[in-house]
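To keep things clear, I will list the structure first and then write my remarks on it.
The values are calculated or read from the model by the stated rules, or taken from the named source; none is laboratory data. This structure is a prediction, so every number in the text was calculated from the model and none was measured. Every residue, glycine as well, gets a Cβ built from its backbone with ideal geometry; the counts of neighbours run over all protein chains shown. All accessible areas refer to the heavy atoms of the entire protein, side chains included, with ligands and DNA or RNA removed. Shrake-Rupley method; radii C 1.70, N 1.55, O 1.52, S 1.80 Å.
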Amino acid sequence: MSSSLLFNVTTFAYLASTVAFFAFLASRNKNLGLAGSGIAFFGFIVQTVAIGLRWQESYAMGHGHAPLSNLYESVVFFSWTIILIFGILDLKYKYRVIGAFVVPFALLGMAWAQLGMNSGIEPLVPALQSNWLLYHVITCFLGYAAFAVACGISIMYLIKERQETTDGNSQAGGVISMFPSIKILDDLNYKAIMIGFPLLTLGIITGAAWANYAWGTYWSWDPKETWSLIVWFVYAAFLHARITRGWVGRRAAILSIIGFAATIFCYLGVNLLLSGLHSYGGGQ
Amino acid sequence: MTTKDRGFLQALWDFFCSLKLSISLLILLALTSIIGTVIPQVPNIPEEYIRSLSQTKLQLYDKLGFFDMYHSWWFILLLYLLTVNLIACSIKRLPRVWKIISEPTLVMDEGFEKSLSLTHDVKLKGDSAALREKMVSFLTSEFSKPVVTEVDGACHLFAQKSAYSRMGVYVVHLSIIIIFIGAIIGSYFGYKGFVSIVEGESVDTVGLRSGKSIPLGFAVKCEKFSVTFYDTGAPKEFKSILTVLENGKPVPGYVNIPTIVNDPLTYKGITFYQSSYGSASEGGTFYFSVRPRTGGTPVKLTARQGDKVSLPGGGTMQVLEATDEVRNFIPQFSGPAARIEVTTGSGAPQVFIVMRNYPELDEQRGGDMVFTYDGSDQKFYTGLQVAKDPGVWVVWLGCALMVVGICMAFFMSHKRVWIRIANGHVVLGGTASKNPAGFQLQFDSLVDKLSKL
Ligand code: HEM
């Protein structure tokens, strides 16, 4: 069995999970929600095995490095972390609908990686031959994934809030009435960011440590570094905004969405549109 | 001081204590930081970019410091404002938080009880002395050791957990200031520079970005440089073998140290990082063999770059350029190669490439003479980044503190429980600084155990 076959299975699982969640929204049939979560977890396990296999395959080819070295591998890993964070929230808080707004992010990642990218296992160029790569990439992507989940929750918040303010009658918002209350969504948004912020902080610190080890400067304002700092500022603003009254709820949700947009730019925009030290994986 | 002055100072203080200012500064920093990721920054500004700008734009960007914006006065000012804001906010709030930790409310009277969201009233048998003993041992085993206060015949117990987690936020803020201090130390007492060393030679000064050059206090010799490639043509390893010299003598323990990307050499607080390489422009000698197409023994030739060398059958040859890795130019081939110009008799000069790893290739060219390239003693130079940063440990200390502080602020909660014993009633109250849902579960289980006593 090869990892690429399993990655295809993963992609189809996330597709099926997304469809199940949308059907759940439309039909309000609890079993469909359960199916959505179940299929997503199945996909997650398959993907975990596939990532492990790919790691092994790279050793068999004589390259021997963790599957985190180019854009394809990072997008696959990003999908994996999104489902991981979603799984933690799902098992802990059991607000199943959130899946409909989070699993699509993972599906998007896998579909893009499988259809649009070169999936070959390549040897590591000298700049990436370091254990710091592992620590840095894992912490950053777990952080990004938590922000993706927070963004999904914030979108739900804005939809729900709009429905609550524009019309009081419940039958108009059949789908939306299944969302958790805005208070809970606001709280979940905060909780997801509370997971993501420490991880992003660790990601920036491990990146700085690596840069210092490899180049002698822990901070050189290259575009990727700067964008990760921008993301960090946005979420720091989010955290402080919660302490002053009047900045919870809607404004917090908007800030969370802006934060995730900045995250995506930090991850992809910088590689594809700007130039810098992190340009590995561009142009593939 | 006049009242007007005091009013102004008060307003200034309030301004710097405001969280709105922090949010604005954080967002402003995020927005302005974008500029430097879109506009190229010194020293990496391409000529074409400068030429593509109109004169007014160029002057405007230059005035605003956009070409080195992270060191521009206004960006630094924003960072200083953030620091002042941080310190002012902490000075204002810290005493209040410290008071919560050091002088906890020991007595839950009825007014205070109403302000707590979690309370429970249990009726228990026994006189108040016995109840008091029971409650003390209950809290000690189930939560934490309580402080007992007697007021007006009622007995009050207070117990708390993780009070210090309230300091987490201040640990985070302090860590930011420590990181700034580390960065300032680095910028005043450290430097970043670059050296290039030809194989077999040594350097004892380093060139800084500013154009200045400063002495290292010792010398670094490049014994050898090598580069290897994967089959795909991607580079695999750049390696310099370095030796540190003091007064011209090798330093024990610092002889023939392999230095590769991601594995630098550090000596006396100065670190050398493998960064680039190239062929030394002077001093190379190239070796060729040449034989007539019709057969005969090959003749060895030695050529220095640019020299015209006579060929055995008449005519001359000259090396135009050479490389140790032709793959960088012609991906299908690998190994050393030379581009040479051969002039024989009256014909026009012929220019072609010969490669060491493919000696048979030149036969296909169809010339009267068949050339093979035997390599060169041309030397590489290695390019090393040089950095000295005495502030870096302060920065790492700040980073470690920040991680600790964030964990304290996010994942630890200051939990407090009060018990009042009066008239056979035991009233339990509790509150937590974080995660109310989680604390409610804990509180409920306390109540549950209490009612079973
Ligand atoms: C202008 C600078 C800043 C000021 C004035 C400021 C002020 C504050 C204040 C007053 C609090 C609330 C403390 C309390 O709950 O009593 C707070 C919380 C916090 N601050 Fe800052 N802060 C600043 C910058 C930062 C930055 C750059 C970070 C980045 C790590 C940060 C991280 C935190 C964290 C993690 C919390 C806890 C938030 C929570 O509990 O949800 N602060 N800050």
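Laid out as a table, the results:
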| item | result |
| --- | --- |
| Candidates A:Ile254, A:Ile258, A:Ile182, filtered to the one that is within 23 Å of the chain's Cα centre (by Cα), open to solvent by less than 50 Å² (accessible area, probe 1.4 Å) and more than 16 Å from the ligand (Cβ to nearest atom) | A:Ile182 |
| Among residues of the range B:5-37, those that are open to solvent by less than 40 Å² (accessible area, probe 1.4 Å), within 11 Å of chain A (Cβ to nearest Cβ) and assigned to a helix (DSSP H, G or I), counted | 12 |
| Every residue from the range A:196-243 that is surrounded by fewer than 22 Cβ atoms within 10 Å (Cβ to Cβ), at the interface with chain B (Cβ under 7 Å from one of its Cβ atoms) and not in a helix (DSSP H, G or I) | A:Thr217, A:Trp221 |
| B:Ile35 within 16 Å of the ligand (Cβ to nearest atom), at negative phi and within 31 Å of the chain's Cα centre (by Cα) | no |
| Looking only at the range B:198-247, and only at residues there that are open to solvent by less than 60 Å² (accessible area, probe 1.4 Å) and outside any strand (DSSP E or B), the one that is farthest from A:Ala214 (Cα to Cα) | B:Gly200 |
| Filter result for A:Ala209 (touching a residue at least 12 places away in the same chain (Cβ under 8 Å), on the phi < 0 side of the Ramachandran plot, within 15 Å of the ligand (Cβ to nearest atom) and not aromatic (Phe, Trp, Tyr)) | no |
| Search result, residues across the range A:123-136 that are part of a loop (DSSP other than H, G, I, E, B) and open to solvent by less than 60 Å² (accessible area, probe 1.4 Å) | A:Pro123, A:Leu124, A:Val125, A:Ser130 |
| Within the range B:259-272, considering residues that are within 14 Å of chain A (Cβ to nearest Cβ) and free of Cβ contacts under 8 Å to residues at least 60 places away in the same chain, the one surrounded by the most Cβ atoms within 10 Å (Cβ to Cβ) | B:Pro264 |
| Enumeration of residues in the range B:62-109 that are more than 9 Å from the ligand (Cβ to nearest atom), assigned to a helix (DSSP H, G or I) and not hydrophobic (A, V, I, L, M, F, W, C) | B:Asp62, B:Lys63, B:Asp68, B:Tyr70, B:His71, B:Tyr80, B:Pro95, B:Lys99, B:Ser102 |
| Flag for B:Leu82 being open to solvent by less than 30 Å² (accessible area, probe 1.4 Å) and in contact (Cβ under 8 Å) with a residue 24 or more places away in the chain | yes |
| Filter result for B:Tyr287 (closer than 15 Å to B:Val227 by Cα and assigned to a strand (DSSP E or B)) | no |
| Subset tally (residues that are surrounded by fewer than 21 Cβ atoms within 10 Å (Cβ to Cβ), within 14 Å of another protein chain (Cβ to nearest Cβ) and among the aromatic types (Phe, Trp, Tyr)) for the range B:372-429 | 3 |
| Candidates A:Trp215, A:Trp247, A:Trp219 - the one that is within 30 Å of B:Ile260 (Cβ to Cβ), within 16 Å of the ligand (Cβ to nearest atom) and over 23 Å from the mean Cα position of the chain (by Cα) | A:Trp219 |
| Tally of residues being closer than 23 Å to B:Gly200 by Cα and open to solvent by less than 70 Å² (accessible area, probe 1.4 Å) across the range B:278-305 | 8 |
| Residue check for B:Gln442: modelled with pLDDT under 90, in contact with a Lys or Arg (Cβ under 9 Å, 6 or more places away or on another chain) and surrounded by fewer than 21 Cβ atoms within 10 Å (Cβ to Cβ) | no |
| Number of positions in the range B:274-301 that are touching a Ser or Thr at 6+ places or on another chain (Cβ under 6 Å) and within 20 Å of B:Pro349 (Cβ to Cβ) | 1 |
| Conditions (1) closer than 30 Å to B:Trp418 by Cα; (2) within 26 Å of the chain's Cα centre (by Cα); (3) in a strand (DSSP E or B): number failed by B:Tyr170 | (3) |
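Results for (1) aliphatic (A, V, I, L, M); (2) within 14 Å of another protein chain (Cβ to nearest Cβ); (3) more than 30 Å from B:Phe194 (Cα to Cα); (4) open to solvent by 60 Å² or more (accessible area, probe 1.4 Å), shown as yes or no for each residue.
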position: B:Thr3; (1), (2), (3), (4): no, no, yes, yes
position: B:Ile39; (1), (2), (3), (4): yes, yes, no, no
position: B:Pro46; (1), (2), (3), (4): no, yes, no, no
position: B:Tyr49; (1), (2), (3), (4): no, yes, no, no
position: B:Gln59; (1), (2), (3), (4): no, no, yes, yes
position: B:Arg93; (1), (2), (3), (4): no, yes, yes, yes
position: B:Lys114; (1), (2), (3), (4): no, no, yes, yes
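Here is a yes/no grid of residues against (1) within 14 Å of another protein chain (Cβ to nearest Cβ); (2) closer than 17 Å to B:Phe225 by Cβ; (3) in contact with a His (Cβ under 8 Å, 6 or more places away or on another chain):
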{"site": "B:Gly253", "(1), (2), (3)": "no, no, no"}
{"site": "B:Ile257", "(1), (2), (3)": "no, yes, no"}
{"site": "B:Gln274", "(1), (2), (3)": "yes, yes, no"}
{"site": "B:Gly296", "(1), (2), (3)": "no, no, no"}
{"site": "B:Gly306", "(1), (2), (3)": "no, no, no"}
{"site": "B:Val309", "(1), (2), (3)": "no, no, no"}
{"site": "B:Gly315", "(1), (2), (3)": "no, no, no"}
{"site": "B:Pro331", "(1), (2), (3)": "no, no, no"}
{"site": "B:Gly347", "(1), (2), (3)": "no, no, no"}
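Yes/no matrix, rows are residues, columns are (1) at positive phi; (2) open to solvent by 40 Å² or more (accessible area, probe 1.4 Å); (3) assigned by TED's automatic domain parsing to the domain that holds B:Val394:
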site: B:Cys155; (1), (2), (3): no, no, no
site: B:Phe158; (1), (2), (3): no, no, no
site: B:Ile181; (1), (2), (3): no, yes, yes
site: B:Ile185; (1), (2), (3): no, yes, yes
site: B:Tyr188; (1), (2), (3): no, yes, yes
site: B:Gly193; (1), (2), (3): no, no, yes
site: B:Ser196; (1), (2), (3): no, yes, yes
